[in-house]
Amino acid sequence: MVLFLYSDSGGNMKIYLDVVFFINFMFDLLLLLSVGLERKNLPRLRRFLLGAFLGSLSLIFLFFNMNSIILFLLKVVVSIFMVLGTFGYHNKDHFWANIKSLYGSSIILGGMLYVLNIQFSYKQEGFIFFHDGTSINLIIIIIASPIIFFLYFKELQKRKEEKNFLYSIVITYKNQTLQVQGYLDTGNTIIDPYKKRHIIILDNKKITPKIEEAILVPFQTVGHQGLLRCIVPDEIKIEDKVLPKNKYLIGFSNEKINLKGSNCILPSEIREELK
């Protein structure tokens, strides 16, 4: 946390709590936004505001007499609450990745502020340095805030555009029901040459049909051609709308599918079905 102390002519130290709280809140907010951008994990802005507020509450520790070890441990606890308040808890790996990103960004930002403060906020007379009253931290906030907020909202807009191509799908086959996230890919033009059925491509580990039930559909991509193993599903439901099963086949990819967070590739004709 960043703390500013100002001295009057009598040598007494004054703490401007409103300034201290604002600067700490803004730096915590920018820090959490940086973590979100780095991790490609962007919850709503109010979650970032909550995390920054929780971080700023650590200013209360300044009013208690405690040694540096206890103060460090308390700040670690506060940082955990900051991460949980902003990004939530999904699993252990997700949580620790956010913590590492938070401290990594803190080290970079803290080091940059230290260097800039020494260069611009302190004057030197021989071997003696003294603060000249310049708040380089406020200047950094004024400069960095628009940049980071611009990147945040730009990334949010990109996510919204990508969501226009994401659909929730439920596939039923031989008493097996599978719910997956599908990505509409205009490049998926594979069609069953026999009955002109469009192919929904799925990871081959999601459903395990019998070999004798498979339909082999020839396909060709750039530099590659072969046969795609497909099945006729009992039912396909997309966004709670049941598709005519005589128009679609489920094809199985030998490679793991992870496209924009989805594990299923949809043909562009799906969008016409949903109109």
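The values are calculated or read from the model by the stated rules, or taken from the named source; none is laboratory data. These figures come from a predicted structure and were not determined experimentally. Cβ placement follows ideal geometry from the backbone for every residue including glycine, while neighbour counts extend to all protein chains displayed. We work out accessible area using only protein heavy atoms, side chains counted, and drop any ligands, DNA or RNA first. Shrake-Rupley method; radii C 1.70, N 1.55, O 1.52, S 1.80 Å.
Restricting to the stretch 37-52, name every residue that is of a type outside the set (S, T, N, Q), out of contact with any Asp or Glu (no Cβ under 8 Å at 6 or more places or on another chain) and surrounded by 11 or more Cβ atoms within 10 Å (Cβ to Cβ). The answer is 38, 39, 43, 45, 47, 48, 49, 50. Name the residues in the stretch 229-275 that are among the polar types (S, T, N, Q) and within 19 Å of residue 216 (Cβ to Cβ), would you? 246, 253, 254, listed by residue number.
Checking 31, 54 one by one, the residue that is within 19 Å of residue 146 (Cα to Cα), under 21 Å from the mean Cα position of the chain (by Cα), part of a helix (DSSP H, G or I) and among the hydrophobic types (A, V, I, L, M, F, W, C) is 31 and no other.
Just one of the listed residues (49, 37) is closer than 16 Å to residue 148 by Cβ and in contact with a Phe, Trp or Tyr (Cβ under 7 Å, 6 or more places away or on another chain), namely 37.
Counting the residues of the stretch 209-219 that are at pLDDT below 80 and either surrounded by 10 or more Cβ atoms within 10 Å (Cβ to Cβ) or within 24 Å of residue 273 (Cα to Cα) (or both) gives 3.
Return yes when residue 62 is within 17 Å of residue 25 (Cβ to Cβ), modelled with pLDDT of 85 or more and open to solvent by 60 Å² or more (accessible area, probe 1.4 Å) and no when it is not. It is false that residue 62 is within 17 Å of residue 25 (Cβ to Cβ), modelled with pLDDT of 85 or more and open to solvent by 60 Å² or more (accessible area, probe 1.4 Å).
Name the residue, out of 237, 247, 260, 195, that is of a type outside the set (A, V, I, L, M), under 19 Å from residue 165 (Cα atoms), open to solvent by 50 Å² or more (accessible area, probe 1.4 Å) and modelled with pLDDT of 80 or more.
237
Can we say residue 123 is in contact with a helix residue (DSSP H, G or I) (Cβ under 9 Å, 6 or more places away or on another chain), open to solvent by 80 Å² or more (accessible area, probe 1.4 Å), farther than 23 Å from residue 22 by Cα and modelled with pLDDT under 85? Taking the combined requirement at face value, the residue does not satisfy it. In the stretch 222-246, the residues that are in contact (Cβ under 8 Å) with a residue 40 or more places away in the chain reach residues that are open to solvent by less than 70 Å² (accessible area, probe 1.4 Å) and part of a loop (DSSP other than H, G, I, E, B) with C-beta atoms within less than 8 angstrom, at least six apart or across chains, in these pairs: 231/207; 231/209; 231/214; 238/274; 239/274; 246/197.
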